[in-house]
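Below is one structure, written out as structure tokens; the observations come after it.
The values are calculated or read from the model by the stated rules, or taken from the named source; none is laboratory data. Fair warning: this is a prediction, and the values are worked out from it, not measured in the lab. No Cβ is skipped: glycine too gets one built from the backbone with ideal geometry, and neighbour counts run over all protein chains shown. Keep in mind that these areas ignore ligands, DNA and RNA; they rest on the heavy atoms of the full protein, side chains included. Shrake-Rupley method; radii C 1.70, N 1.55, O 1.52, S 1.80 Å.
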Amino acid sequence: VVEGLDAPLGMALRNGRLYVVDNNAVKIFRWPGLTPLQTIALDAGVANDIAVSENNTVYVTDMKRGDVIVISANLEQTVLTGNSRFPGANGVHVNKRTLYVGGKHLWRVDLRDNSITRIGPAWLTDIDGIEQEPDGTLQITPVGGPVVRLGDCVQRFGGPGVSSANHGYAADLGLALIPTGFDNTVIAIRVPRRAVGVATPAKSPGQPHVDRP
């Protein structure tokens with residue numbers, strides 16, 4: 001049990017360390033064991049979710065400012081864009097040189113040049129959780145909505161009225177794990193390895209919207 005947390009939100013596990021966003025700070029614990037290692041105060045409006053890259057670069061969404069705080073391995077803090085390019089910034093996920101940011105929409109950021117592309121169907125909004133399956137398929141949890149898979153097609157998993165929040169994905173079990181905000185439960189949904197059955201084409205109408213810094 002971790003004690004001394006005030007309002008924990010996003011968490012990430014990487015390289016034997018558990019990172020927790022708590023009250024505009026990142027608290028780092030050894031994993032396993034949960035020994036406190038470090039606290040990093042953030043210059044943020046409302047820090048929310050967190051992702052950590054293979055080289056230990058930390059990305060934290062700032063919901064109030066609509067941006068992403070970047071913490072380098074040597075603890076230098078910068079802002080990804082400085083222009084509130086991600087309204088309602090909430091979920092975040094990093095995979096090598098690609099960063100996914102969710103909020104009002106879903107965005108893909110090429111970390112080589114910080115170019116931003118809005119992706120996903122137009123109805124996919126208010127995005128909380130972002131996970132990625134081994135084949136690259138994205139799992140998205142809109143606030144209070146179903147789990148949405150974005151791969152070769154679009155699929156939705158989950159029934160009506162599920163008060164879902166930021167979910168997790170257990171790749172070895174093929175399970176999407178969804179905490180429910182109103183029901184105080186966790187729902188496990190077995191996700192097929194490949195998209196099957198009736199699905200919606202993944203491409204939204206028109207061309208993706210691409211921004212460059």
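Observations, loosely collected:
- Point-charge dipole on Cβ atoms (K/R +1, D/E -1) for region 70-131, about Cα centre, debye to 20: 200
- Taking Cα centre as origin and charging only the Cβ of basic (Lys, Arg, +1) and acidic (Asp, Glu, -1) residues, the dipole magnitude of region 1-87 rounds to 120 debye.
- Dipole of region 111-153, positive direction: furthest Cα of ILE130, VAL148, GLY120, with charges on the beta-carbon: GLY120
- Rg/Rg_globular for region 73-142, with Rg_globular taken as 2.2 N^0.38 Å and Rg from C-alpha atoms: 1.11
- Cα gyration tensor category, rounded, prolate or oblate, for the chain with a/c compared to 1.5: oblate
- Close amide H partners of VAL191, meaning residues 5 or more places away or on another chain with modelled amide H under 5 Å apart, are LEU175, ALA176.
- Given R0 = 30 Å, the distance between the Cβ atoms of ASN83 and ALA41 translates into a calculated FRET efficiency of 0.80.
- Among VAL21, VAL186, VAL94, residue whose mean-square fluctuation peaks in a GNM of the chain (springs only between Cα atoms under 10 Å): VAL186
- Integer Hz, Karplus 6.51/-1.76/1.60 couplings in order for region 15-21, x for Gly and Pro: 6, x, 9, 9, 9, 10, 7
- Choice from SER164, SER53, SER115 with maximal GNM fluctuation in the chain (Cα, 10 Å cutoff): SER115
- The charge dipole of the chain, taken about its Cα centre with unit charges on the Cβ of Lys, Arg, Asp and Glu (plus for the first two, minus for the last two), comes to roughly 520 debye.
- For ASP128, net neighbour charge (Lys/Arg +1, Asp/Glu -1) across residues whose Cβ lies under 13 Å away: -2
- The average projected area of region 12-113, computed from the convex hull of its Cα atoms over all directions, is 5.9 nm².
- Surface exposure of the chain, expressed per residue as accessible area with a 1.4 Å probe, stands at 53 Å².
- The residue among GLY16, MET63, ASN48 whose Cα reaches farthest toward the positive pole of the charge dipole of region 1-75, with charges on the beta-carbon of Lys, Arg, Asp and Glu, is GLY16.
- Max mean-square fluctuation residue, GNM over the chain, Cα-Cα springs under 10 Å, options GLY103, GLY174, GLY66: GLY174
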